[in-house]
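Readers should treat all values here as calculations from the given coordinates under stated rules, not as data from a laboratory. Computed from a predicted model, the values in this text were never measured in an experiment. Cβ sites come from the backbone with ideal geometry, for glycine too, and all protein chains shown count toward neighbours.
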Amino acid sequence: MGRLTFMRQISKAIVLTLLVLAPAARMPGQLLNKTAPVVVGHYHLNVTSIEEHKKFWVDTLGGTAIKFGPERIDVIKFPDVFLFLRVQRPAGPARGTAFDHIGFAVPDVPKAAAKAVANGYPLTVGREPGPGQTVSPPTAGNYGRFAYLLGPDGVKVELVTNSEANAPPIAHHHVHFVNKQYVEMQQWYMKAFDATPRPGQTDFFIGADLPGVGYMLNFFKWEPDENLTGTAGRAVDHVGFEVRNLEEFCKRLETKGIKLTAPYRKAPAPGNIGTAVITDPWGTSIELT
């Protein structure tokens with residue numbers, strides 16, 4: 001069994017294991033929402049160095065490094081999401097694909113951003129300018145209610161403000177895509193995952209909400225005069241959606257005209273978990289478990 005195949009099989013098992021081992025701990029709202037039919041539960045990253053990624057995800061952002069399974073897979077755990085790390089030099093950064101960044105919510109964006117900059121991680125822009133346009137690069141110390149960072153291997157992260165009382169130090173907030181066809185991309189994800197349109201569309205931004213979860217799927221208009229490529233092999237290899245009644249969900253995808261890149265199957269171990277893979281029309285690889 002290949003390492004990536006194994007990682008796909010255990011991505012949902014790790015969630016179930018942690019629920020069993022730590023029932024009294026604060027668990028992510030998504031994972032505790034037993035009525036939500038679909039949640040964004042994990043990301044798979046191709047990395048050049050596990051230790052360099054731990055410095056970013058754990059030492060800087062506050063995730064927890066764990067090992068899972070007989071192959072001792074490296075995983076970073078955050079409230080609401082897991083990052084699976086595979087040692088394989090990525091074909092390129094996230095930039096250049098339709099997957100733009102992972103969004104996290106923190107109580108104090110300036111504090112978190114300042115720590116990241118002090119640890120050597122550069123600030124970057126949220127939305128890139130089009131041909132002939134310019135944008136002032138962000139500067140250290142000029143922090144507001146959100147900030148964008150570049151981690152190892154060109155993985156992009158957005159920090160947004162969580163102003164709720166007793167907010168955790170950090171939690172998964174959203175996934176953000178870019179596309180010249182950003183409206184069409186939103187419509188495809190709504191069709192695939194039964195999401196609903198979010199009010200507030202602009203001429204460069206649109207969002208969609210997952211049922212039972214809410215704010216999760218964001219889409220920017222891709223302004224640069226560059227073609228986008230697929231995610232497979234890049235720094236963020238694919239996005240993982242955890243789905244209730246996956247076999248039936250896959251059948252409904254096919255009735256909607258969405259083909260499965262890898263058909264539904266039950267993994268023999270661990271946990272006899274159902275898995276499938278789809279690819280959006282712009283090359284974003286999506287694992288379903």
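How large is the dipole of the chain about the Cα centre if only Lys and Arg carry +1 and Asp and Glu carry -1, each at its Cβ, rounded to the nearest 20 debye? Computed charge dipole of the chain: roughly 640 debye. Each residue of segment 123-136 was assigned a 3J(HN,Hα) from its phi angle through the Karplus expression (A = 6.51, B = -1.76, C = 1.60, θ = phi - 60°), giving 6, 9, 8, x, 9, 7, x, x, x, x, 9, 10, 9, 6 Hz with x at Gly and Pro. When Rg and the Kirkwood Rh are both derived from Cα coordinates, the Rg/Rh ratio for segment 219-280 amounts to 1.06.
Just to be sure I understand: with springs between alpha-carbon atoms less than 10 Å apart, which residue in Gln181, Gln133, Gln88 has the highest mean-square fluctuation in the Gaussian network model of the chain? Checking each option, the largest mean-square fluctuation is seen for Gln133. Short version: what are the Cα gyration tensor semi-axes of segment 99-221, square root of 5 times each eigenvalue, largest first, in whole Å? Equivalent-ellipsoid dimensions as semi-axes: 25, 20, 12 Å.
Estimated at 0.36 nm per residue, the fully extended path between Gln133 and Ile66 surpasses their Cα-Cα distance by 19.8 nm. For the chain, modelled as a GNM whose springs connect Cα atoms under 10 angstrom apart, the maximal fluctuation among Phe241, Phe68, Phe99 occurs at Phe68. The 3J(HN,Hα) values that the Karplus relation (6.51, -1.76, 1.60; θ = phi - 60°) gives for segment 47-53 are, in residue order, 10, 7, 8, 4, 5, 5, 6 Hz. Gly and Pro appear as x.
Which values of log₁₀ I(q)/I(0), to two decimal places, follow from the Debye formula for segment 164-231 at q = 0.27, 0.28 Å⁻¹ with a uniform point scatterer at every Cα? Values returned for q = 0.27, 0.28 Å⁻¹ are -1.19, -1.24. Residues with beta-carbon under 10 Å from that of Ala192, excluding Ala192: net charge, scoring Lys, Arg +1 and Asp, Glu -1? Taking every other residue near Ala192 into account, the sum is +1.
The 3J(HN,Hα) values that the Karplus relation (6.51, -1.76, 1.60; θ = phi - 60°) gives for segment 166-173 are, in residue order, 6, 5, x, x, 7, 8, 4, 10 Hz. Gly and Pro appear as x. Diagonalising the gyration tensor over the Cα atoms of the chain and scaling each eigenvalue by 5 before taking the square root yields semi-axes of 27, 23, 19 Å, largest first.
Helical content alone sets the calculated 222 nm signal of the chain at -6000 deg cm²/dmol, taking -39,500 (n - 2.57) per DSSP H segment of four or more residues and averaging over every residue. Using only the Cα atoms of segment 92-138, build the gyration tensor, take square roots of its eigenvalues as a ≥ b ≥ c, and label the shape rounded, prolate or oblate: rounded if a/c is under 1.5, else prolate if a/b is larger than b/c, else oblate. Taking the square roots of the gyration eigenvalues as a ≥ b ≥ c, segment 92-138 is prolate. Here the simple spin-label model places points 7 Å from the Cα toward Cβ, and for Thr48 and Asn119 these points are separated by 1.9 nm. Among the DSSP helices (H) of the chain, those spanning at least 15 angstrom by Cα along their long axis with an average Kyte-Doolittle hydropathy of 0.0 or more are 3-21; this is a geometric and hydropathy rule only. For Thr97, the amide hydrogen comes within under 5 Å of the amide hydrogens of Thr229, counting only partners 5 or more places away or on other chains and with H modelled in the peptide plane.
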